[in-house]
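Here's the structure we're looking at; comments come further down.
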Amino acid sequence: MVRETLVRGGRAITDNPPPGPFRRSFWRSPIRGPWLTAVLGSVLLVGITILFVTGLASYAAYNPDLGGNDLTPAKGLLGFYLFDWPTEPYWLYRLNQGVHVTLGIVLVPVLLAKLWSVVPKLFAWPPARSPAQLLERLSLLLLVGGAIFEFATGIVNIQYWYEPLPGSFYGLHFYGAWVFIGAFVVHVGIRFPRMVAALRSRSLRAELRVDTAATRPEPPDSHGLVASDPAQPTMSRRGALALVGGGSLTLFVMTAGQSIGGPLRSTALLAPRGQVLSEGPNGFQVNKTAFAAGVIGPQTGPSWQLELNGPGEPVQFGRDELLAMPQHAARLPIACVEGWSTGNQSWSGIRLADLARLAGLPGASSVLVESVQVGSAFASTSLRRNQILDPQSLLALRVNGVDLSLDHGFPVRVIVPANPGVHNTKWVGRMSFEA
Ligand SMILES: Nc1nc2c(c(=O)[nH]1)N[C@H]1C(S)=C(S)[C@@H](COP(=O)(O)O)O[C@H]1N2
Ligand SMILES: [Mo]
């Protein structure tokens, strides 16, 4: 008697989900099914892998193992892969960030469509059929939460909406990436065979010829994606893919130009730093103006001097003395972590290697560069040996044939090939070379 009630009670839970989204009959789209999910999933599989690799590379480019650069002090084992970021090819960081940011933005519609395609599973009933299923659902929480977190923090950062971030972007995005990628690897490991089978179940080419009227649901599946009570189609699978692809393409056209430059730059309307300011030699993008950085006083006036520190006594040079030294030229872009970059600019100034020699440390393993700006995380940076030694690495005094403008770092700024923009310190006041 007691046993029977228990069994009946159990059935009641299984068979009578609460009304609304917990019932399979609630989800009626005739195009939802394993095939559509697998198509979107395979795009994300490739895209997110590229995002992860370019993200790790981007982090390495910051030299987080040097001096004051440590962006996430407690990264511990997660920094295992760090390597010496090269200075060649000079466009490496520009390409890396362009791909990372543009791809991240372009994948947003795909991610949203993928989440839509599996949303009935969020309401699976009963919520936990077995401990194993509960564990799987918790891992999906990390997967979906991790994806939304990474995309959201990335977009917030490139749009300069720092306010909603509860901490440093670098730490949040870095740790978030590891949590997310862990869940992602588990998910792909479990679902890969199902994805391949679903992709084989119909031909993409054939599907792209099916219009709305001829659209039929996929055969019933055991995973709860195909509608049990499908509605009349209002959109074909082709239409759904075109909607997602069109959204991605629109986002591409509205952002890619900020990294690629050329004619696309004028359509990069979603990019806060995509546009050039004017045609003049100093007209290329400015991230933070001198005014915004608080560099408005006499710090950069006639009394300004560059201080070089090495093993001996510090030495000082005024701007005229620096201009009297051998000047070298380099055509290099500024490429920001946020994805925007300038075209190549013609910089001229003194080689960092020559400054290391002047400081008495020609074989310096690193240099701490400090700006006259105060109170900003961007006011100092550490560069490593290969960056000091590259003949294109300059302390620039002039750009495109004229003196640097105050906004671009007058009296002197760092410019190093393949360097993240933020490490090309402006308004430099002191350089300390270390053995
Ligand atoms: N002292 C100082 N240097 C700085 C910055 C800053 O805020 N302060 N911004 C950095 C960032 S984030 C970038 S992308 C580049 C931008 O250089 P630009 O303004 O000349 O284009 O300068 C870098 N150098
Ligand atoms: Mo930047």
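Here are some notes:
- Anchor K288: lysines whose Cα lies under 25 Å away (excluding residues fewer than 8 positions away in-chain): K426
- Judged by the mean number of other Cβ atoms found within 10 Å, the most tightly packed of the peptides 118-126, 393-401 leads the ranking 393-401, 118-126.
- Between G79, G146, G349, the residue with the greatest mean-square fluctuation in the GNM of the chain (Cα pairs under 10 Å linked by springs) is G79.
- Helical mean residue ellipticity (222 nm; -39500 (n - 2.57) per DSSP H run of 4+; nearest 500) of the chain: -13000 deg cm²/dmol
- Helices assigned as whole DSSP H runs in the chain whose Cα atoms extend at least 20 Å along their own long axis and whose mean Kyte-Doolittle hydropathy is 0.0 or higher are found at 34-60, 92-106, 131-158, 169-201, 237-255.
- Rolling a 1.4 Å probe across the protein heavy atoms gives the chain an accessible surface of 48 Å² per residue.
The values are calculated or read from the model by the stated rules, or taken from the named source; none is laboratory data. From a predicted model like this one, the values you see are computed outputs, not experimental measurements. Virtual Cβ from ideal backbone geometry, glycine too; neighbours counted across all protein chains shown. Each accessible area value is taken on the protein alone, full model and side chains, heavy atoms only, with ligands, DNA and RNA left out. Shrake-Rupley method; radii C 1.70, N 1.55, O 1.52, S 1.80 Å.
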